[in-house]
Structure formats: C-alpha cells, structure tokens
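Where a number appears in this text, it was derived from the coordinates with a stated rule and is not lab data. Remember, it's a predicted structure, so these values are computed and weren't measured experimentally. Cβ coordinates were reconstructed from backbone atoms using ideal geometry, including for glycine residues, and neighbour counts include every protein chain displayed.
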Amino acid sequence: MGTVTIGVSIAVPEPHGSLLQQRREGFGDPAASGIPTHVTLLPPTEVEAAALPAIEAHLVEVAAAGRPFTMRLSGTGTFRPLSPVVYVQVVEGAEACTWLQKQVRDASGPVARELQFPYHPHVTVAHGIDEEAMDRAFEELAEYEAQWPCIGFALYEQGSDGVWRRLRDYVFGGAVVPPQATHVERGPLPAC
C-alpha cells in the first residue's frame, strides 16, 4: 500500500478561510492554493497507508474527549528569523488547541511524534516567500479579526500534486451513554 502524508488540523471556516487563503496567494505564496486555511494539530506526517484505520479510530477517541470552544484570531505574528513564516495569531482557543495536539500526538497513539519546534497554534498567511512580501503580509493583516465556535477538527491527506484534501471530520464530544443507564445527570462540561 505504501505511505501517505497526513495532517490533522482545525479548518478556518468560511468566509474567513477563503479570504485568508486568497490573501496568502496574493502575497505570492506558491503553496497557498493547495493548503486550506487551518490551525495545525499534527504537522505533515508520513505514515503507512495501512495505518489509516488505526489513526482514524484514535482521532475518534480524541474528538470524543474534546469539547467545543471559541476560536478567535487577532493580529499577526512571525517566526522569523527562526522560520520564514508570518501568521495570524490565535488569541482565544490556544489552550484548547495545545491540549488537542498533545492528544493527537500521544506517545501511546498511532501518530506519536516529536515536533521540530515547540507547538504554537497559528494560521499561516505567508511561508517561504521574499522578505518584502512577508513584511507586507505582517502589516496588511495586523488588524485582522475573526471568531467562530470550534466544534471539531479534520484529517487531511496531501496528494501527489501537493494539494491537501480533507479525508474526514471529527466532531467534539461524542456522547457515550452506557447501555444500562436510564437517566444521566449532566453537569457543566469541562473545558479542554
């Protein structure tokens, strides 16, 4: 079966996703058209295609343990000079994203892996382009704001054409009620 390159991320919903993708294309990022706008939970990771069912089952469990949260983006940041990236900042929901990515990469799970850099949730708007275009991205999106209720995440696969395609969505809080239960008391849900 061979290997596939997968990623797990929170999609930035419309109209924000298309707008930020178009802006990224406008800054001259050649990869922009093949990368849906997102907040990464698992960076590009090569896995055996035969492992996909186990990975999907793991992600079902991660999603079941998660709870919806507010995601808010505001302003820009950069990883330069360490990495040639300009991004829109996650100013609300970062803690939940950090928790989720740890669960996805759990050492006992099927996609356990170390990260090249410490995890920092963000939405990339420019990557690997010339400094002038990076500066323009940083300045032009400095006042950008977006907010939405985050209710889950998705598994993506990168095609041989370099384009990332969504394979499956995972919704938070899959309710599991034991079969013998006739009445379940529900208190406030813990934040993830």
Discussion item. Tell me whether region 51-126 comes out rounded, prolate or oblate; compute the Cα gyration tensor, take square roots of the eigenvalues as a ≥ b ≥ c, and use a/c under 1.5 as the rounded threshold.
Written reply: oblate
Discussion item. Among Ile35, Gly162, Val90, which residue has its Cα furthest toward the positive end of the charge dipole of the chain, with +1 on Lys/Arg Cβ and -1 on Asp/Glu Cβ?
Written reply: Val90
Fill in: Simple Cβ-charge dipole of region 3-171, Lys/Arg +1 and Asp/Glu -1, about Cα centre, in debye nearest 20
440 debye
Worksheet item: Within the chain, which is the longest segment containing none of the GluC sites (Glu not before Pro) that sit in a DSSP loop and have at most 13 other Cβ atoms within 10 Å?
Response: 1-113
Item to complete: Pull out a ≥ b ≥ c, the square roots of the eigenvalues of the alpha-carbon gyration tensor of region 3-171, then state rounded if a/c is under 1.5, prolate if not and a/b is larger than b/c, and oblate in the remaining case.
Response: prolate
Worksheet item: Once amide H atoms are placed 1.01 Å from N in the peptide plane, what residues at a sequence separation of 5 or more from Arg80, or on another chain, have their amide H within under 5 Å of its amide H?
Response: Val85
Item to complete: Any chance you could give the angle, 0 to 90 degrees and rounded to 10, that helix 131-140 forms with the longest Cα principal axis of the chain?
Response: 60 degrees
Worksheet, complete the sentence: Amide H neighbours of Leu41 at under 5 Å, excluding residues fewer than 5 places away on the same chain, with H built from the backbone geometry, are Val8, Ser9, Ile10
Discussion item. Whole-Hz ³J(HN,Hα) for each residue in region 92-97, computed from phi via Karplus 6.51 cos²θ - 1.76 cosθ + 1.60 with θ = phi - 60°, x for glycine and proline: what do you get?
Written reply: 9, x, 5, 5, 5, 4
